[in-house]
Amino acid sequence: MPFRIEDTFRSALAEADRPLAGMWVCSGSPLVAELCAGSGLDWLLVDAEHSPNGLESILAQLQAVNGYPVHAMVRPPVNDTVLIKQYLDLGVQNLLIPMVNSLAEAEAAVAATRYPPQGVRGVGSALARAARWNRVPDYLARASDTISVTVQIESTAAVEAVEDILAVDGVDAVFIGPSDLAASMGLLGQQEHPQVRAAVDHCLSAAQAAGKPAGVNAFNPDTARHYLANGAAFILVGADVAILARGSEALAGKYITPAGGTPASY
């Protein structure tokens with residue numbers, strides 16, 4: 001029986017009449033991913049760079065969110081041809097490639113998602129969920145149409161090369177990471193610093209000039225609104241683990257009396 005592949009995040013951005021709002025899914029839990037998928041947000045970013053996610057847990061989360069009206073993007077830990085091949089074969093359609101600092105690195109990321117002669121992706125569709133084990137008609141011929149590639153701008157080198165990166169055929173969008181960008185600017189932990197915000201704004205402007213979407217990570221609502229006003233087409237505004245951490249801390253603060261403090265009011 002033939003299967004239909006879901007539309008990509010590239011298509012969602014092209015069809016959207018407003019910026020797309022999403023959140024990080026970092027817990028490694030399919031149950032949490034499914035909870036987030038039904039939230040009404042536009043997209044989820046399943047992270048494997050700073051989170052306890054391997055191939056098996058990513059697969060389980062893709063299966064858990066399948067069928068919900070949300071786009072799943074996955075971030076591998078590194079811009080690596082072998083890892084990207086494995087992620088694609090799992091059925092990851094939307095990739096966020098971290099730490100892309102140059103034209104060459106952007107070209108390598110795209111090449112990893114294309115079969116020869118356009119790229120270097122290994123051929124194993126008969127064994128892969130991506131092709132539903134050869135149940136997707138003509139998967140090999142149209143695989144690139146089922147994949148979107150977003151590359152992450154998160155260093156001073158990447159900001160300097162952003163126009164070249166945006167010009168790479170197959171780079172569908174860029175995503176700016178202010179935390180690592182701040183660190184590379186000698187401003188560790190100061191992602192709200194004016195110089196960092198100016199660098200992000202520069203990338204947003206470059207993307208608009210190139211006719212490609214740009215996104216940004218911004219948990220601070222005021223900062224998020226600033227970047228949206230400056231042209232961000234998609235944004236991450238929270239994370240499952242952060243929501244759980246802050247929510248559980250709020251419960252503790254409400255119901256547990258500090259030593260020598262005033263009893264909590266119930």
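Return the calculated 222 nm mean residue ellipticity for the chain, to the nearest 500 deg cm²/dmol, obtained by summing -39500 (n - 2.57) across DSSP H runs with n ≥ 4 and dividing by the residue count.
The per-residue figure over the chain is -11500 deg cm²/dmol.
Taking amide hydrogens as placed 1.01 Å from N in the peptide plane, the amide H of ALA112 sits under 5 Å from those of VAL120, each at least 5 positions away in sequence or on another chain.
Computing the accessible area with a 1.4 Å probe over protein heavy atoms, can you report the carbon and sulfur percentage for the stretch 197-244? Please list the in-between numbers first.
Details: 1240 of 2030 Å².
Answer for the stretch 197-244 is 61 percent, counting heavy atoms of protein chains only.
Of the peptides 237-248, 24-35, the ranking by mean beta-carbon count within 10 Å, highest at the top, reads 24-35, 237-248. Residues in the chain average 47 Å² of solvent-accessible surface per residue, probe 1.4 Å, ligands and nucleic acids excluded.
The string of couplings for the stretch 49-63 from the Karplus curve (6.51, -1.76, 1.60, θ = phi - 60°) is 7, 10, 10, x, 10, x, 4, 5, 6, 5, 4, 4, 6, 4, 5 Hz, one whole number per residue in order, with x for Gly and Pro.
Counting only protein heavy atoms and using a 1.4 Å probe, what share of the accessible area of the stretch 79-134 belongs to carbon plus sulfur, as a whole percent?
Values: 1320 of 2290 Å².
Roughly 57 percent of what the probe reaches on the stretch 79-134 is carbon or sulfur.
Backbone phi angles across the stretch 219-224, fed through the Karplus curve with coefficients 6.51, -1.76 and 1.60 (θ = phi - 60°), yield HN-Hα couplings of 7, 6, x, 5, 5, 4 Hz in residue order; Gly and Pro are listed as x. Net charge of the neighbourhood of VAL171, taken over other residues with C-beta under 11 Å away and scored Lys/Arg +1, Asp/Glu -1, is -3. Taking Cα extents along the principal axes in Å as calculated from this structure, the corresponding entry among (1) 54, 42, 37; (2) 61, 42, 33; (3) 70, 43, 33 is (3). Among 127-136, 185-194, sorting by the average number of other beta carbon atoms lying within 10 angstrom of each residue, highest first, gives 127-136, 185-194.
When you filter the GluC sites (Glu not before Pro) in the stretch 148-186 for DSSP loop state and at most 11 other Cβ atoms inside 10 Å of their Cβ, nothing is left.
Extension gain, ALA252-ALA209: 0.36 nm per intervening residue step, less the Cα-Cα distance, totals 10.6 nm.
Under the simplified labelling scheme, the TRP133-LEU244 pair shows an inter-label distance of 3.2 nm, with each label point 7 Å from Cα along Cα→Cβ.
For LEU20, the residues whose modelled amide H falls within less than 5 Å of its own, excluding neighbours fewer than 5 places apart on the same chain, are PHE234, ILE235.
The values are calculated or read from the model by the stated rules, or taken from the named source; none is laboratory data. Remember, it's a predicted structure, so these values are computed and weren't measured experimentally. Note that we place each Cβ from the backbone using ideal geometry, even for glycine, and neighbour counts take in every protein chain shown. With ligands, DNA and RNA removed, areas are computed over all heavy atoms of the protein, side chains included. Shrake-Rupley method; radii C 1.70, N 1.55, O 1.52, S 1.80 Å.
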